[in-house]
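In what follows, a structure is listed as structure tokens, so that the remarks can point back to it.
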Amino acid sequence: MTELISKLELKKINHFVQKVQQVAQKIDIFCSAILLQTRRRFYYVFNKLEIDTSLKKRTGNCLRCGRCCHASFKCQYLEYDKNGLSLCKVYDRKPLMCSLYPYNESDYFYHLKSTCGYRYNDE
Ligand code: SF4
Ligand code: SF4
């Protein structure tokens, strides 16, 4: 009986630890996304020419996963079509920062780098 109780307790503790880890991971992703969003705007202001050059090395295509549009907060203009592909409601006049993502090899949300369709030549 005591053994069963301790097994149940252990299960509860493991479950709790998993939940804490999941929440910590979400917080980590959210904070790093906010930091990148801030940093990339500043970087753009002072490094336009460098960004123009690095964008020429960008290969691949946007896969329309839409994940970069809700890396921190979900953008109000993000929608999905019936095939699950992202649609930007303001595509023709979307913000410059959206068009430029990712503008160099450091400009990825770290949790999205492996799944994004854009690549840089030296990667
Ligand atoms: S993460 Fe990359 S592939 Fe996905 S929508 Fe953004 S730019 Fe496109
Ligand atoms: S404006 Fe369009 S491209 Fe930019 S984050 Fe929103 S949905 Fe994505």
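Read the figures in this text as sums done on the coordinates, not as results from a lab. Note that the coordinates shown come from a computational prediction; the quantities given were computed from them, not determined experimentally. Cβ coordinates were reconstructed from backbone atoms using ideal geometry, including for glycine residues, and neighbour counts include every protein chain displayed.
Quickly rank 75-85, 33-43 as a protection proxy: mean count of other C-beta atoms within 10 Å, highest first.
On the way: 75-85: 11.5, 33-43: 14.4.
My ranking of the peptides, most packed first, is 33-43, 75-85.
List the equivalent ellipsoid semi-axes of the range 2-120 in whole Å, largest first, each obtained as the square root of 5λ for an eigenvalue λ of the Cα gyration tensor.
Working: eigenvalues 281, 63, 34 Å².
Whole-Å semi-axes of the equivalent ellipsoid: 38, 18, 13.
For the chain, the longest principal axis of the alpha carbon atoms and the long axis of helix 2-46 meet at an angle near 10°. Taking the inverse of the mean 1/r over every pair of distinct Cα atoms in the range 37-90 gives a Kirkwood hydrodynamic radius of 13.2 Å.
The lysine pair tally for the range 1-82, using Cα distances under 17 Å and a gap of 8 or more places or different chains, is 4.
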